[in-house]
1. Residue check, residue 102 against (1) buried (at least 19 other Cβ atoms within 10 Å of the Cβ); (2) touching a residue at least 40 places away in the same chain (Cβ under 8 Å); (3) in a helix (DSSP H, G or I); (4) out of contact with any strand residue (DSSP E or B) (no Cβ under 9 Å at 6 or more places or on another chain), all met but one. Which one?
2. Suppose we keep only residues that are β-branched (Val, Ile, Thr) and in a helix (DSSP H, G or I) within segment 71-88. Which one would you say is nearest to residue 116 (Cα to Cα)?
3. Just to be sure, is residue 89 in contact with a strand residue (DSSP E or B) (Cβ under 9 Å, 6 or more places away or on another chain) and surrounded by 22 or more Cβ atoms within 10 Å (Cβ to Cβ)?
4. Quick test for you: out of 87, 74, 11, pick the one residue that is at positive phi and not polar (S, T, N, Q).
5. Scan segment 24-40 for residues that are of a type in the set (A, V, I, L, M, F, W, C), out of contact with any Ser or Thr (no Cβ under 7 Å at 6 or more places or on another chain) and surrounded by fewer than 16 Cβ atoms within 10 Å (Cβ to Cβ) and jot them down.
6. Out of all the residues in segment 41-70, which are in a strand (DSSP E or B) and either surrounded by fewer than 15 Cβ atoms within 10 Å (Cβ to Cβ) or charged (D, E, K, R) (or both)?
7. Restricting the search to segment 125-135, which residues are of a type in the set (Lys, Arg) and either exposed (fewer than 10 other Cβ atoms within 10 Å of the Cβ) or over 23 Å from residue 76 (Cα atoms) (or both)?
Amino acid sequence: MAEEYYFESVGRRKAATARVRLWPVSSAEESSVIINDRALDDYFPRGKDAYHLLEPLRVTEREGRFKVTVLVQGGGMSGQSGAVRLGIARALIKAEPELRLVLRRGGFLTRDNRVKERKKPGLKRARKAPQYTKR
């Protein structure tokens, strides 16, 4: 029996962290995406989230060549799908380094570091101030 191997990487977005593993699949096996022990469509019922996170595979024409398993925690649906997307792109580079240029041009390797800004004292939210009254 051949030794099992995979390519692992971490993706982050907002408050979400995703540990992604890409398992190469032979032609006899079926590729799939499992997120937190659930199928992709069960975990991300909104179609745009599932479409968004599979883009690195689609752009590099690697759909069906890998079985993807993901452990994701923290954040909301949008942040989690972004974290998985970055993790898949990073794992693809470990699997096939020649894909770096294609993924970089598509913007899949750039970490989106925008996070929620903290609330400041004296303000209602991070930047919204109470209404000014002259008298």
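Only the coordinates and a few stated rules stand behind these numbers; no lab work does. Only a predicted model underlies this, so the values are computations on that prediction, with no experimental measurement involved. Virtual Cβ from ideal backbone geometry, glycine too; neighbours counted across all protein chains shown.
1. So the condition that residue 102 fails would be (1).
2. Of segment 71-88, the ones β-branched (Val, Ile, Thr) are 72, 84, 88.
Subsequent filtering for residues that are in a helix (DSSP H, G or I) retains 84, 88.
Numbers: 84: 19, 88: 24 Å.
In this case the residue turns out to be 84.
3. Details: in contact with a strand residue (DSSP E or B) (Cβ under 9 Å, 6 or more places away or on another chain): yes; surrounded by 22 or more Cβ atoms within 10 Å (Cβ to Cβ): yes.
When the stated conditions are applied, residue 89 passes them.
4. Working: 87 fails: at positive phi; 11 fails: at positive phi.
Testing whether each residue is at positive phi and not polar (S, T, N, Q) leaves just 74.
5. Quick first cut of segment 24-40, residues of a type in the set (A, V, I, L, M, F, W, C) only: 25, 28, 33-35, 39-40.
Add one more test, that the residue is out of contact with any Ser or Thr (no Cβ under 7 Å at 6 or more places or on another chain), and what stays is 28, 33, 35, 39-40.
Passing the criteria: 28, 39.
6. Of segment 41-70, the ones in a strand (DSSP E or B) are 66-70.
The one that is in a strand (DSSP E or B) and either surrounded by fewer than 15 Cβ atoms within 10 Å (Cβ to Cβ) or charged (D, E, K, R) (or both): 67.
7. Kept after step one, since they are of a type in the set (Lys, Arg), are these residues of segment 125-135: 125, 127-128, 134-135.
Those that are of a type in the set (Lys, Arg) and either exposed (fewer than 10 other Cβ atoms within 10 Å of the Cβ) or over 23 Å from residue 76 (Cα atoms) (or both): 127, 128, 134, 135.
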